[in-house]
Amino acid sequence: MPEYLFVDHPDDITENISGHARLGVDTEFMREKTYFARLCLIQISTANDIYCVDPLVEAGQSEFWKELLGRSWVVHSARQDIEVVTQTAGAMPEEIFDTQIAAGLLGMPAQMGYAGLVKELFDVDMAKSHTRADWTKRPLRDEYLEYAAEDVEYLLPAADILSEKLEQKGRLEWAHQDSKLLLDPSLYDISGGQAIDRLKGARNFRGAKRAAAVRLAAWRENEAIRRDRPRQWIVRDNVLLDIAYKLPSSEGQLAGIEGVPPKLVSRVGQQLIEAIGSAKSDESIYQPPQPPDEAQKALLKEMQSQVARCARDLDVAAETVASKRELSAVITTGTRESRVFQGWRKALIGDQLLQML
């Protein structure tokens, strides 16, 4: 059972963390009833101490965040943590080292969980009995805090072990490069422009239906952001798809679609009709992604083979080098911004893949 200090005045521990260049960091958050994840607890480990910091209190936090964001963080599978911290504090840490990424570069599973890593490195079995805890309730139960503290107890020693192994293989800089990719602000863009990609079932819509689906998905995303509610609470996917498919031109027609709540029609019915009407001019713009043709399929297969050979030589999972999704995007969109053409991957495999393109 880890020893920890519960902190309900975040600014009070500013001096405790300011003397450390590196901190282990994890978060607990909730998003079941909101669009934005609500940060409920921040766990911090130093070489000797563990702090469980309550960000929901009204006590001062500005100095705390300034110090915390100015440190180098050791994290595990950091993307969601970075997202919720960015939404809460409006900034990212200056530097991170992701132990999941580091483990993958040593040949461990690419998506290895924290408990699996602790078992692998320290032969310790971690309890995962409170993964569904309500972190918004106060006071937090002791067993919740003990569980949370354990999530940072092994971060710094794990980073030390992984760094030493990576240094021996000449891959430590690789881990730093890949960790830094998670600090790209575009990963956390919440604008409605990409909302259609999150509307399951719209992929095969074409013409006016596709254009309407794009407009409606963007409307729902912006509404969810404005009201801070889950997008499914605004309008369910299947209902939004039915509206786009049937293209109602009046509130009466909209109300006649099965599953459309009467309150939705009375509250925002005119907005939806206007969105559908304005979509008519977008038919030629918003076309669904085209499936790969036979030549592209053959190229993807060949590129995957090259990546697999490279991964075997490195003794890592192929996904660690380049995923099928990344390669497919390179082929279908023509992008050259993929990580496979940058950093350590460029010389090992990126230049070869560019030649194939």
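The values are calculated or read from the model by the stated rules, or taken from the named source; none is laboratory data. This is a predicted model, so every value here is computed, not measured. Neighbour counts are summed over all protein chains in view; Cβ atoms, including those assigned to glycine, are modelled from backbone coordinates with ideal geometry.
Before moving on, here are some points about what is shown:
- Test: residue in the range 187-205 that is among the basic types (Lys, Arg) and part of a loop (DSSP other than H, G, I, E, B): yes
- Output for the range 106-141, where each listed residue is aliphatic (A, V, I, L, M), in contact with a Phe, Trp or Tyr (Cβ under 9 Å, 6 or more places away or on another chain) and farther than 23 Å from residue 173 by Cβ: 118, 124, 126, 127, 133, 140
- Residue in the range 342-355 that is outside any helix (DSSP H, G or I) and over 23 Å from residue 106 (Cβ atoms) present: no
- Enumeration of residues in the range 18-33 that are in contact with a Ser or Thr (Cβ under 7 Å, 6 or more places away or on another chain) and not in a strand (DSSP E or B): 20, 21
- One residue alone among 150, 164 is assigned to a helix (DSSP H, G or I) and under 30 Å from residue 315 (Cβ atoms), and that residue is 164.
- Only residues that are part of a helix (DSSP H, G or I), surrounded by fewer than 18 Cβ atoms within 10 Å (Cβ to Cβ) and out of contact with any Ser or Thr (no Cβ under 8 Å at 6 or more places or on another chain) were counted in the range 315-338, giving 6.
- Restricting attention to the range 100-128, the residues that are of a type in the set (Gly, Ala, Ser), out of contact with any helix residue (DSSP H, G or I) (no Cβ under 7 Å at 6 or more places or on another chain) and not in a helix (DSSP H, G or I) add up to 2.
- Output for the range 11-32, where each listed residue is among the β-branched types (Val, Ile, Thr) and within 27 Å of the chain's Cα centre (by Cα): 17, 25, 27
- Filtering the range 132-152 to residues that are more than 23 Å from the chain's Cα centre (by Cα), crowded, with 16+ Cβ neighbours inside 10 Å and farther than 13 Å from residue 40 by Cα leaves only 146.
- Among the residues of the range 266-283, at least one is touching a Lys or Arg at 6+ places or on another chain (Cβ under 9 Å), within 24 Å of residue 237 (Cα to Cα) and not in a helix (DSSP H, G or I).
- Close pairs from the range 93-115: first at positive phi, partner of a type outside the set (Ser, Thr, Tyr) and outside any loop (DSSP other than H, G, I, E, B), Cβ under 9 Å, at least 6 apart: 107/314
- Residues of the range 66-80 satisfying the condition of being closer than 22 Å to residue 189 by Cβ and either of a type outside the set (Val, Ile, Thr) or touching a Lys or Arg at 6+ places or on another chain (Cβ under 8 Å) (or both): 69, 73, 77, 78, 79, 80
- Extreme residue, nearest to residue 206 (Cα to Cα), among residues of the range 272-284 that are in contact with a helix residue (DSSP H, G or I) (Cβ under 7 Å, 6 or more places away or on another chain) and at pLDDT below 95: 283
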